[in-house]
Amino acid sequence: MSGGVLLVAVNYRSAPDVERLIESLRRGTSPEWRLVVVDNSESEAQSMLLARICGGDERASVIVAPANLGYFGGARYALSVPSSLTAAWTVVTNVDVRMSSSFVEALIALPDEGVIAPVIMSAVSGHDQNPHLRSRPGRWRARVWQLQMATTWSARLSIALWHAAKRARHRMRRDPGRDRGPGPFQIYAPHGSCVAFSRSYFQRGGTLDHEAFLFAEEITVGERCRLLGVRVMHEPSVMVFHEEHRSTGWWRSRRMIEWQRESVKVASGLLLADRKLMPERGWLVSRIASLHRKRVNQ
């Protein structure tokens with residue numbers, strides 16, 4: 001596949017979601033897509049079910065991972081298989097995502113450059129999950145993350161409080177689209193549930209390498225793009241719909257907490273490595289950018 005859109009969907013025992021994802025792609029306005037489902041389920045029955053689901057369309061296929069490789073680990077494994085060729089756009093996505101009818105067409109119409117953070121409409125909140133991070137977090141935020149993950153219960157409490165605060169923010173926002181602005185704009189990191197990588201991203205040295213099993217893929221992408229000089233753009237013309245937190249949930253098991261603790265270690269290591277960054281810069285830049293967009297939209 002030398003053009004069009006290659007979607008790499010990472011599955012963990014969620015075959016019904018894969019079926020709905022394929023249906024959304026079939027209803028799209030462009031046929032120039034191919035879907036590779038990476039099965040992390042470690043279940044023969046799940047793999048057989050996925051094979052039947054994907055068997056109805058020659059554009060969809062299944063790759064069974066040798067073990068549960070995690071999110072980016074599974075996507076990276078799919079791209080290492082010889083039959084998976086780099087397309088004009090490679091989309092790494094959860095399976096509990098539905099593509100808008102114009103998703104493929106809108107993505108193909110964009111210049112072959114950078115990383116795209118699409119509009120990700122949450123089925124839980126009704127709001128766009130992007131931009132995930134408008135600007136690079138400061139050292140203070142990395143330290144806070146480390147403190148939150150210090151124990152299992154501090155992690156659970158902080159996650160629960162974060163979700164409660166997010167729900168409160170959503171209730172206060174009357175217009176779901178007000179923060180998106182009139183057009184595409186540059187951000188630091190995209191929401192990890194669906195990210196589009198241009199062919200030029202890989203040609204410039206970009207990879208899907210991520211040192212953690214799960215979580216914090218956004219920081220890795222943001223840092224890699226920053227170091228490569230690749231732009232991450234929030235693009236309103238590209239839209240998906242997300243059944244938020246289908247696999248992980250907001251109440252985390254001890255195993256999930258360990259994965260999240262590992263991801264915080266990786267993310268904070270990347271952020272704290274740059275000693276030139278002022279502690280409050282990430283927050284300050286984010287607030288200035290937000291105020292500017294509000295003024296433009298008035």
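With respect to the conditions (1) touching a Leu at 6+ places or on another chain (Cβ under 7 Å); (2) free of Cβ contacts under 8 Å to residues at least 24 places away in the same chain, residue 58 falls short on a single one, namely (1).
When residue 87 is tested against (1) at pLDDT below 95; (2) over 20 Å from the mean Cα position of the chain (by Cα); (3) not polar (S, T, N, Q), only condition (2) is not met.
Would you call residue 52 free of Cβ contacts under 8 Å to residues at least 12 places away in the same chain and basic (Lys, Arg)? Yes. Among the residues of region 42-79, those that are at pLDDT 95 or above, hydrophobic (A, V, I, L, M, F, W, C) and under 27 Å from residue 263 (Cα atoms) comprise 63, 64, 65, 67, 69, 72, 75. The single condition from (1) modelled with pLDDT of 80 or more; (2) buried (at least 16 other Cβ atoms within 10 Å of the Cβ) that residue 244 fails is (1). The criterion of being surrounded by 20 or more Cβ atoms within 10 Å (Cβ to Cβ), within 15 Å of the chain's Cα centre (by Cα) and not basic (Lys, Arg) does not hold for residue 60. Residue by residue through region 143-156, note down the ones that are part of a helix (DSSP H, G or I) and closer than 16 Å to residue 259 by Cα. Answer for region 143-156, where residues must be part of a helix (DSSP H, G or I) and closer than 16 Å to residue 259 by Cα: 145, 146, 147, 148, 152, 153, 154, 155, 156. Filter region 97-120 down to residues that are small (Gly, Ala, Ser), closer than 20 Å to residue 231 by Cα and in contact with a Ser or Thr (Cβ under 7 Å, 6 or more places away or on another chain), then give me how many there are. The number of residues fulfilling the criteria is 2. Residues in region 1-39 that are surrounded by 16 or more Cβ atoms within 10 Å (Cβ to Cβ) and either acidic (Asp, Glu) or free of Cβ contacts under 8 Å to residues at least 24 places away in the same chain (or both): 17, 19, 32, 39. When residue 157 is tested against the conditions (1) modelled with pLDDT of 95 or more; (2) exposed (fewer than 14 other Cβ atoms within 10 Å of the Cβ), the lone failure is (1). Among the candidates 59, 13, the residue that is on the phi > 0 side of the Ramachandran plot and not assigned by TED's automatic domain parsing to the domain that holds residue 213 is uniquely 13. Just to be sure before I move on: is residue 109 loosely packed, with under 14 Cβ neighbours inside 10 Å, at pLDDT 90 or above and within 30 Å of residue 202 (Cα to Cα) in the structure I sent? Considered against the rule, which asks whether it is loosely packed, with under 14 Cβ neighbours inside 10 Å, at pLDDT 90 or above and within 30 Å of residue 202 (Cα to Cα), residue 109 comes out as yes.
In the condition set (1) farther than 29 Å from residue 223 by Cα; (2) out of contact with any Lys or Arg (no Cβ under 8 Å at 6 or more places or on another chain), residue 79 is compliant with all but (1).
Does at least one position in region 207-224 carry a residue that is of a type in the set (A, V, I, L, M), surrounded by fewer than 18 Cβ atoms within 10 Å (Cβ to Cβ), modelled with pLDDT of 85 or more and in a helix (DSSP H, G or I)? No.
The values are calculated or read from the model by the stated rules, or taken from the named source; none is laboratory data. The structure presented is a predicted model; accordingly, all values stated were derived computationally and were not measured. For neighbour counting, all protein chains shown are included, and Cβ atoms are generated from backbone atoms with ideal geometry for every residue, glycine included.
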